[in-house]
Amino acid sequence: LPQSCHRVALKVLGRYDDDVWLGRHGIRTWSSEGEWAVSYHGTAPENIRRICSGGYDTGTCTKQMFGPGIYSTPSFAVAESYAKQFVLKGVSYKMLLQNRVNLNSSNIVAKENNHTEADYFVTPDDKDIRPYGVCLKQV
């Protein structure tokens, strides 16, 4: 995460059938078996609470250039470009969701094909992408 970013963890332990998708606890440089990839999703602040409490909803997707699904990316910077800026007490911020995404059920759109600096993950089933953190960045 960028230095000017603050992250708040969501309470997700025990929320799903298992917690394997989160991987093992602690700082490490390797993935554990069954661990889902980290991705970021930029959106408007008014969508954050709904997604955090009820999960993603593919029925609300509007931009589907690379097919239906929830769009996320491993790049914080690319996701930030989709986050809507807002002002609080005279200071501008953007909010992004940090997710775990099941790449076995997602389509990967290579950066060469999507005209950005990073790959996109297009996840057709909203059960295969789970928010687990909210990132707040001063801009």
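What follows is calculated from the coordinates using simple rules that are stated; it is not laboratory data. This structure is a prediction, so every number in the text was calculated from the model and none was measured. Because the Cβ atoms are built from the backbone with ideal geometry, glycine has one as well, and the counts that use them run over all protein chains shown.
Structure above, values below:
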{"item": "Extension gain (nm, one decimal) between ALA110 and LYS11, 0.36 nm per residue minus Cα-Cα", "result": "32.5 nm"}
{"item": "Karplus 3J(HN,Hα) series, Hz, for region 121-135 with 6.51 cos²θ - 1.76 cosθ + 1.60 (x for Gly, Pro)", "result": "10, 10, 10, x, 9, 5, 6, 9, 9, 10, x, 9, x, 10, 10"}
{"item": "Cα extents of the chain along the three principal axes, largest first (Å)", "result": "44, 34, 30"}
{"item": "Under 5 Å, built H, 5+ apart or other chain: amide partners of SER75", "result": "TYR40"}
{"item": "Eligible aspartates and glutamates near LYS11 by straight Cα distance, threshold 18 Å, same-chain separation 8 or greater", "result": "ASP19, GLU35, ASP128"}
{"item": "HN-Hα J in Hz across region 94-101 - Karplus 6.51, -1.76, 1.60, θ = phi - 60°, x for Gly and Pro", "result": "10, 10, 10, 9, 9, 10, 10, 10"}
{"item": "Qualifying aspartates and glutamates (Cα of each under 15 Å from Cα of LYS137; at least 8 residues distant if same chain)", "result": "GLU80"}
{"item": "Karplus 3J(HN,Hα) series, Hz, for region 35-52 with 6.51 cos²θ - 1.76 cosθ + 1.60 (x for Gly, Pro)", "result": "6, 8, 6, 7, 9, 10, 9, x, 7, 7, x, 5, 8, 4, 4, 4, 5, 5"}
{"item": "Expected 222 nm ellipticity per residue - DSSP helices of 4 or more, -39500 (n - 2.57), all of the chain, to 500", "result": "-3000 deg cm²/dmol"}
{"item": "Within the chain: Cβ-based charge dipole about Cα centre, in debye rounded to nearest 20 (Lys, Arg +1; Asp, Glu -1)", "result": "640"}
